[in-house]
Amino acid sequence: MGLIVQKFGGTSVANLEQIHSVAKRVAKTYDQGNDVVVILSAMAGVTDGLIDMATKISESPEKRELDVLLATGEQTTAALLAITLNAMNYPALSMLGHQAKVVTDCSFGNARIIEIGAEYLIDIIKKRNIVVVAGFQGCDIKGNITTLGRGGSDTTAVAIASALKADLCEIYTDVDGIYTADPNVCEKAKKIDKISYDEMLNMASLGAKVLQIRSVGFAKKYNVPVHVRSSFSEEEGTMVVSEDAGMESLIVSAVTHDKDQARITLKKVHDQPGIAAKIFTPIADAGIVVDMIIQNTRAQGQTDLTFTVPKKDFQMAMEIELKVAEEIGAVDVLGDKNIAKVSVIGVGMKNHSGVASIMFNTLAKENINIIMISTSEIRISCIIEEKYTELAVRVLHTVFGLDEED
Ligand code: ADP
Ligand code: ASP
Ligand code: MG
């Protein structure tokens, strides 16, 4: 018996039938004597649909208003689950972000949680109520509704689990755990029983959207045990926990991919102090996150500079750089949205050489051109043409010995 936070993703609450299944699972946990706090996403596809509607009206809707709109998706599911639980004679109360006292900064669309007023929630839970919180949303100190970035309900769940000192945070989703590669892309991906916060942080930052990266950061900082598992079965999933001795044995433990990438190249930039700052300052000021950067070797005092940004920011970044190019005298600005990043990750890579050469040779054998490369102690990433993503993931998964035996 204890306090358990259960989060259900969009596919787990896609219709009333599934909301009923969620209610049964919550009720079962409650009947076992646990206190339960439920965090819900919007029904699958609803957030995308709301964004589509807003962008039909305006190309760049006011961010504050967009958050008011997007928050409605989670408001709907939270209320529907509470109504379902009540109809089953369970005392459930739904709450929006501000009611659950999820206080954030004021970065609309990508807000960070500053604090959660735990006493209020604890008071309600102690009276044996099931609290159903709308995920993905909070409010800033002025009372504006904010949202936490795509996939943000994971972060609501872990943050509430940490604020309430819950015994466990369960993330229910449409796969039965965290795999060595996206199981929807790589048939031979294997389920991982236990993964360290650091490795999961890397996977999430490199495209494994099974957990939002900020939720993993929270879990690591506050040592929240997270169990990722399926809404559609009773099977054990994957535990995300602190690193232990046995975890370093694999050289490569996962392959990830990220199609949310676009590339921008400034041709023939003067190779002199201050130019890089001129290129990247306006990008940072626009709140755009740059991932990889490559500067070519200097030739005749000039160089090409290439970098990647999320696809959604591509248009804005191109517009910014066209202006910058004029200012600094760059010859041209090229853009490409049809790229993807594939990465191999492994804590064990720290002590092994040769991983990069195996990766490059494997891609070469399939005739896949590597457009950009970046590395860290525990990962290697390559930018390739988007159409080769699935193939690249599969061949890398095989060559590093990760395939599930038949
Ligand atoms: P939810 O709506 O429940 O939050 P998401 O779509 O955000 O679900 O995350 C689950 C999806 O993450 C899976 O359907 C799967 O395609 C994807 N995914 C990507 N990489 C992995 C991985 N390594 N292991 C498991 N799932 C992964
Ligand atoms: N509904 C939001 C999204 O689709 C948040 C979430 O599902 O976690 O991104
Ligand atoms: Mg998600």
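A quick yes/no check of all residues on (1) out of contact with any His (no Cβ under 9 Å at 6 or more places or on another chain); (2) part of a loop (DSSP other than H, G, I, E, B); (3) β-branched (Val, Ile, Thr); (4) without any contact (Cβ under 8 Å) to a residue 12 or more places away in the chain:
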| site | (1), (2), (3), (4) |
| --- | --- |
| Ile125 | yes, no, yes, no |
| Gly143 | no, yes, no, no |
| Arg150 | yes, yes, no, no |
| Glu170 | no, no, no, no |
| Val175 | yes, yes, yes, no |
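Kindly list the number of the only condition in (1) under 27 Å from the mean Cα position of the chain (by Cα); (2) at pLDDT 95 or above; (3) not in a helix (DSSP H, G or I) that fails for Phe280.
Among (1) under 27 Å from the mean Cα position of the chain (by Cα); (2) at pLDDT 95 or above; (3) not in a helix (DSSP H, G or I), Phe280 violates only (3).
Taking into account only those residues within segment 259-277 that are in contact (Cβ under 8 Å) with a residue 24 or more places away in the chain and in a helix (DSSP H, G or I), which is farthest from Glu385 (Cα to Cα)?
Selected residue: Ile275.
Suppose we filter Asn184, Asn144 for residues that are more than 16 Å from ligand 1 (Cβ to nearest atom), of a type in the set (S, T, N, Q) and either under 14 Å from Val210 (Cα atoms) or surrounded by fewer than 19 Cβ atoms within 10 Å (Cβ to Cβ) (or both); which single one remains?
None of the others qualify; the one that does is Asn144.
Return the residue satisfying two criteria in turn: it lies in segment 283-327 and is in a strand (DSSP E or B) and in contact (Cβ under 8 Å) with a residue 40 or more places away in the chain, and of such residues it is surrounded by the fewest Cβ atoms within 10 Å (Cβ to Cβ).
Ile294
Select, from Ala157, Ala204, the only residue that is touching a strand residue (DSSP E or B) at 6+ places or on another chain (Cβ under 7 Å) and buried (at least 17 other Cβ atoms within 10 Å of the Cβ).
Of Ala157, Ala204, the one residue that is touching a strand residue (DSSP E or B) at 6+ places or on another chain (Cβ under 7 Å) and buried (at least 17 other Cβ atoms within 10 Å of the Cβ) is Ala157.
Among the residues of segment 76-91, which ones are crowded, with 16+ Cβ neighbours inside 10 Å and touching a residue at least 60 places away in the same chain (Cβ under 8 Å)?
Passing the criteria: Thr77, Leu80, Leu81, Thr84, Leu85, Tyr90.
Based on what the data block shows, is Ser253 closer than 30 Å to Ser107 by Cβ, out of contact with any Cys (no Cβ under 8 Å at 6 or more places or on another chain) and buried (at least 16 other Cβ atoms within 10 Å of the Cβ)?
no
What residue, of Val185, Val224, is within 23 Å of Ile124 (Cβ to Cβ) and of a type outside the set (D, E, K, R)? Break it down into steps so the answer makes sense when it comes.
Details: Val185 fails: within 23 Å of Ile124 (Cβ to Cβ).
Answer to the check: Val224.
Taking segment 73-95 as the region of interest, how many residues are farther than 18 Å from Gln6 by Cβ and assigned to a loop (DSSP other than H, G, I, E, B)?
1
On the given criteria, is Thr375 over 21 Å from Lys209 (Cβ atoms), of a type in the set (Ser, Thr, Tyr) and either in contact with a Pro (Cβ under 9 Å, 6 or more places away or on another chain) or assigned to a strand (DSSP E or B) (or both)?
It is true that Thr375 is over 21 Å from Lys209 (Cβ atoms), of a type in the set (Ser, Thr, Tyr) and either in contact with a Pro (Cβ under 9 Å, 6 or more places away or on another chain) or assigned to a strand (DSSP E or B) (or both).
The values are calculated or read from the model by the stated rules, or taken from the named source; none is laboratory data. Since the model is a prediction, treat every value here as computed from it, not as a measurement. Here Cβ is always computed from backbone atoms with ideal geometry, including for glycine, and neighbour counts include all displayed protein chains.
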